[in-house]
Amino acid sequence: MAFFDELKGKAEGLKDKAATVAEDGAEKLRGAVGGVGGFVDEKTGGRYSEQVEHLQESAHHLLDKAAGNDSNPPT
């Protein structure tokens, strides 16, 4: 059973590390999401702006969730 306890401990450590990386990179990713949305709007002449906005909100929600700040889920 000690082997499984060790694996469980390592998994918890990896989970914590992933959360830290996600939190640290969240702002950079938010900027990238905004930039991609602006690029798509520009290239499509704004025809899909509602869909782009919804996808950006969903991406921001996922970033918040990954960083542990899941206070405002998308509708």
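The values are calculated or read from the model by the stated rules, or taken from the named source; none is laboratory data. For clarity, every value in this text was computed on a predicted model and none was experimentally measured. Cβ placement follows ideal geometry from the backbone for every residue including glycine, while neighbour counts extend to all protein chains displayed.
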*For the range 17-27, name all the residues that are within 13 Å of residue 60 (Cβ to Cβ) and either loosely packed, with under 15 Cβ neighbours inside 10 Å or modelled with pLDDT of 85 or more (or both).*
27
_When residues of the range 28-52 are limited to those that are among the charged types (D, E, K, R) and within 19 Å of the chain's Cα centre (by Cα), the one surrounded by the fewest Cβ atoms within 10 Å (Cβ to Cβ)_ = 28
*Out of all the residues in the range 12-45, which are in a helix (DSSP H, G or I), among the small types (Gly, Ala, Ser) and over 11 Å from residue 66 (Cβ atoms)?*
13, 31, 32, 34, 35, 37, 38
